[in-house]
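Colleague: Sending over a structure as structure tokens; questions will come in a sec.
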Amino acid sequence: MINVKRLLLLPHLKVHNANALSSPFTIGFPAMTAWLGAVHALQRKLNVNDFSEIKFNATAVISHQCDLQTHKGIDDFVHSIIGTGNPLDKTGARSAFIEEARCHLDVSLVIEYTGIEKDDESLVQEKITHLLNSNMKMAGGDILTFKPAAFFKVEQGNDTDIRALTRKLMPGYALIERRDLMLDAMVQGQDAMNALLDHLVVHHQCKKAQIENEEGKIIWSSKRKTQGWLVPIATGFHGLTELGKAKNQRDAETPHRFAESVITLGEFKMPHNVKSIDEILWRYQADQNKNLYLCTQQQPAQTKAEDALSELFT
């Protein structure tokens, strides 16, 4: 049976003041939960507007530009967050200042969908255009401009189909999960935090040149443990308390629990290097036994590393 994925492309969404504080430990590109949450919100808006059969199953995020709102002055050791000028309160005093990390983005979203027939594509495009123009948020930021949505069909193993899509995503970088690097390090005995930092730290090395007539010359080199543009990313939440009621919770009908962010490694990869569309698609995955609510990618390297780690602790 031929596997054909139906994909919806939302190209070049220009987002202003997106939330760059992706977790208590990381600042930069918004968390994956923010992007999948925005796509889920778009699906729900379509469902209540005459498109009840539409379902968005997975999402890929491609970054074309990320402008983090920070500043580093002359002789400063660290960057500082560029804050906003908030209005005065009702007494005329300046309100309490809370640092909010922001970034301006140009991103494209590739969404795997079901429930849209060929004859309905133009109607869905018009509705999506209307919804994106009607004060809808993306990762907490305002959508300034975007290009018209487009539909693609990608047959598994068909390079022509994949190239037709990835050409629309260039130049840009698709965010993929590299949890397999952390799992491999943990199998070798490292804990999760050391495994994360070990792949992010830059090692500087110097050595004497071995070339004739350059005796005594020092050559410096800098590299990381693994090649690639690796970054820490927030991919979900780990529940800390049992499900229950909380005072003044927003939705009185939905059980509440306190949670902490789940951080792992990610990699920005240029789309022209993608061999299969599944390499860049993110999906929701909940593990009730471990109280985990995650955005994940199903990749062979991760499955192999998870099996090795599972055998180590059984």
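Colleague: Answer yes or no as to whether LEU144 is in contact with a Lys or Arg (Cβ under 6 Å, 6 or more places away or on another chain) and among the aliphatic types (A, V, I, L, M).
Modeller: Taking the combined requirement at face value, the residue satisfies it.
Colleague: Being in a helix (DSSP H, G or I), without any contact (Cβ under 8 Å) to a residue 24 or more places away in the chain and not basic (Lys, Arg) narrows it down to one residue among GLY73, GLY37; which is it?
Modeller: From the options GLY73, GLY37, the qualifying one is GLY37.
Colleague: So is GLU117 surrounded by fewer than 12 Cβ atoms within 10 Å (Cβ to Cβ), of a type outside the set (Phe, Trp, Tyr) and at pLDDT below 85 or not?
Modeller: no
Colleague: So, one more: Quick one: how many residues across segment 269-279 are within 20 Å of LEU183 (Cβ to Cβ) and touching a residue at least 60 places away in the same chain (Cβ under 8 Å)?
Modeller: Qualifying residue count for the region: 2.
Colleague: Could you tell me which residue of segment 169-190 is surrounded by the most Cβ atoms within 10 Å (Cβ to Cβ), considering only residues that are over 22 Å from PHE29 (Cα atoms) and either aromatic (Phe, Trp, Tyr) or in contact with a helix residue (DSSP H, G or I) (Cβ under 9 Å, 6 or more places away or on another chain) (or both)?
Modeller: It comes out as LEU183.
Colleague: Just need a number here: residues in segment 259-293 that are assigned to a loop (DSSP other than H, G, I, E, B), among the β-branched types (Val, Ile, Thr) and within 14 Å of the chain's Cα centre (by Cα).
Modeller: 1
Colleague: Please verify whether ASN86 is closer than 20 Å to LYS118 by Cα, in a loop (DSSP other than H, G, I, E, B) and of a type outside the set (A, V, I, L, M, F, W, C), treating the condition exactly as stated.
Modeller: Criteria not met by ASN86.
Colleague: Then there's this: Quick check on PHE146: is it surrounded by 13 or more Cβ atoms within 10 Å (Cβ to Cβ) and aromatic (Phe, Trp, Tyr)?
Modeller: Yes: the conditions hold for PHE146.
Colleague: May I pose another question? Checking THR166 against (1) exposed (fewer than 15 other Cβ atoms within 10 Å of the Cβ); (2) among the hydroxyl-bearing types (Ser, Thr, Tyr); (3) not in a strand (DSSP E or B), which single condition isn't satisfied?
Modeller: THR166 satisfies every listed condition except (1).
Colleague: Something else: Output the residues belonging to segment 72-114 that are more than 30 Å from GLU53 (Cβ to Cβ), surrounded by fewer than 17 Cβ atoms within 10 Å (Cβ to Cβ), in contact with a strand residue (DSSP E or B) (Cβ under 6 Å, 6 or more places away or on another chain) and at pLDDT 85 or above.
Modeller: Selection gives nothing.
Colleague: From HIS16, HIS40, HIS64, which residue is surrounded by fewer than 16 Cβ atoms within 10 Å (Cβ to Cβ), closer than 22 Å to GLN297 by Cα and modelled with pLDDT of 90 or more?
Modeller: HIS40
Colleague: Exactly one condition in (1) more than 30 Å from LEU7 (Cβ to Cβ); (2) touching a residue at least 12 places away in the same chain (Cβ under 8 Å) is not met by HIS79; state its number.
Modeller: Failing condition for HIS79: (2).
The values are calculated or read from the model by the stated rules, or taken from the named source; none is laboratory data. None of these values were measured; they are calculated from a predicted model. FYI the Cβ positions are ideal-geometry reconstructions off the backbone, even for glycines, and counts take in every protein chain you see.
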